[in-house]
Amino acid sequence: MALNKKKKLKPFEWLRSFIFYALLVGVGAILFFGLFNPEKKDNEKSLSEALTIIKSGQEKSVTVDGDTVKLDLKDGSSLTTRKEKDESFVKTLEASGINPKDIPLTIKDNSAGEAWLGLLNLFLPIIVMVLIFYFLIRQARVAGDSLFSFTKSKAKPFSRNLTQIKFSDVAGVDEAKQELEEVVAFLKTPDKFRALGAKIPKGVLLVGPAGVGKTLLARAVAGEAGVTFFSIAGSEFMEMLVGVGASRVRDLFDTAKKSAPAIIFIDEIDSIGRQRGLGLGGGHDEREQTLNQILVEMDGFEPTANVIVMAATNRPDMLDPALVRPGRFDRRISIDLPDIEGRKAIIKIHARNKPLASDVDIDRLSRRTVGFSGADLENMLNEAAILAARLEKKAIDSKDLEEAALKVKLGPEKKRLQSEEDRKLTAYHEAGHALVTKLLPHMDPVHRVSIVARGMALGFTMIPPAVDRYNETKTRLEEMVASLLGGRAAEELEFKEFTVGASSDIEKATQIARKMVTDYGMSEIGPIAIGFREDAPWVARELGEAKGYSEELAAKVDNQVKKIIDDCFERAKKILRENKDKLDLVATELMKKETLEGPDFELLLNPSTMNKAH
């Protein structure tokens, strides 16, 4: 639970705002009624007319209330008039030849009330204006305080024992958990380690692709250790003004030291920890000053500070060498996509509060989701629950999970109205992918073939890995390129025409072929690293720096990439040409059913009549 003291001040802020606006309304009312001159009423007469009536003896009684004179007449009617301000009505009667003693005259004494009203009219506007200026000055002071707090750290603190995430809520990263358990043990029982001369690791760097659980692991460490946890994103240090980031770093570390033992977690540290001087046109002063301050703070810790810095990034090769050296980030923990056992554990964690139907096989589901990250699996189960609720089911079944897995990877299903020509083009394209994949000896089985649009694609052929692979061979890479080009080969074979639907396949095939030549050394050029990755730390730092290879070698690379693409394309066409009847069969079935599951696709093809590729 984040500590947020500002929330306690909100009622007082509301009250101050209410008083301020009430004062504005009050001043407006005073000005309005002070300047407003009401129109003359129907029964109001002029003073001369009233005196004439009194002379004629028609009055029953005369009442003077301030400047207002009310006459009750003998016929039962009444009228009002106004005397001269600050002029005695008795003297007015005498001046008109009327003896005040001869008429029933009553004079009300309002001197005290008029005195208070005069004081109120005099001082109320002054008081209101003083209060208005007070609130304006107070607002200016608050704005000034905000300006001075500009350099304060924006890290969100989580108090001790209030972080609910534990190691039991994290699965699929057992090796990383074991490394971090030692950090937790040091925060809990530091004396046991110090007795043997061990020092607390100053920094722990979590490295891995997006969605594998880096932030979740950091929260689990805070929850297990029961210490104060400060969380901040790397971009929150950066501002337009140079020096603000460094000041925020100082404030963050000072606050953490006061709360020790504590953990500082910096997410996406590559936004500020990028190698100094990296990029065209020199470095970024604000980022470099912020990084320099982090380096000083981390290397200047006292052994008893009990403050650990944890950071997460998916771009470790962008970080400055001074930041990742031992003494700052002593531990570097790599977190990969979960294997089959890890996926099982993750699915069980996220399915705790979700009712699963009896036909759900978690083992099969974990094999189906090769390449899914922890975030993908959580999203898949959530989408399946939403789909089941939409269909008013009592439990989540295997169909819901299959649809959710497709939605996570390919996007939602789109019911587009397609012409018969478009459906036929898509059917032959996807049938080409599926048939080439089926007949290549080292490719994984086809899981599903469909001409139902998802995302930006009019159809798809799913070929998920059958097992977790951490290495690839040249043979499999070439077969992957041939499989990707199977759709284009089927278009040429059936229609003697090309469509734009193969653009994504061509792009992926070209990327694989180029990596085979430039990164993996799988070409006639030989095992030579040609060029460098765009995110590598040795990227060109100044305009005009050499590329690292000649134009002649670049031409050879292009020729080798084209040779791989051409050979794989011819191989795909040869497979489809020799099994043209099977291609027609699969395409026709797709046009009828729109979707073929893996078992249905296998049954449709008679293995004894097919020509296997070699």
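Could you count how many residues in the stretch 466-520 are out of contact with any helix residue (DSSP H, G or I) (no Cβ under 9 Å at 6 or more places or on another chain), assigned to a loop (DSSP other than H, G, I, E, B) and over 25 Å from Asn579 (Cα atoms)?
4
Kindly indicate which of Ala404, Ala357, Ala385, Ala389 is touching a helix residue (DSSP H, G or I) at 6+ places or on another chain (Cβ under 6 Å) and of a type in the set (A, V, I, L, M).
Matching residue, one of Ala404, Ala357, Ala385, Ala389: Ala404.
Here is a list: Ala210, Ala220, Ala176, Ala171. Which entry is modelled with pLDDT of 80 or more, outside any helix (DSSP H, G or I) and surrounded by 20 or more Cβ atoms within 10 Å (Cβ to Cβ)?
Details: Ala210 fails: surrounded by 20 or more Cβ atoms within 10 Å (Cβ to Cβ); Ala220 fails: outside any helix (DSSP H, G or I); Ala176 fails: outside any helix (DSSP H, G or I).
Going through Ala210, Ala220, Ala176, Ala171 in turn, the sole match is Ala171.
Pairs only if they're at least six apart or on different chains, beta carbon under 7 angstrom, first in the stretch 479-503 and not assigned by TED's automatic domain parsing to the domain that holds Glu430, second at pLDDT below 95 and surrounded by fewer than 19 Cβ atoms within 10 Å (Cβ to Cβ); list them, first residue then second.
none
Kindly check whether there is at least one residue in the stretch 156-166 that is in a helix (DSSP H, G or I) and modelled with pLDDT of 60 or more. Steps first, answer last, please.
Keep residues of the stretch 156-166 that are in a helix (DSSP H, G or I), which gives none.
Scanning the stretch 156-166 turns up no residue that is in a helix (DSSP H, G or I) and modelled with pLDDT of 60 or more.
Just need a number here: residues in the stretch 308-335 that are hydroxyl-bearing (Ser, Thr, Tyr) and buried (at least 17 other Cβ atoms within 10 Å of the Cβ).
So the answer is 1.
Filter the stretch 474-514 down to the residues that are loosely packed, with under 14 Cβ neighbours inside 10 Å, farther than 26 Å from Ile525 by Cβ and not acidic (Asp, Glu) and list them by number.
Once the filter is applied, which keeps residues that are loosely packed, with under 14 Cβ neighbours inside 10 Å, farther than 26 Å from Ile525 by Cβ and not acidic (Asp, Glu), the stretch 474-514 yields Lys496, Phe498, Val500, Ser503, Ser504.
The values are calculated or read from the model by the stated rules, or taken from the named source; none is laboratory data. Nothing here was measured: the structure is a model prediction, and the numbers come from that model. With ideal geometry, Cβ positions are generated from the backbone for all residues, glycine too; neighbour counts draw on all protein chains shown.
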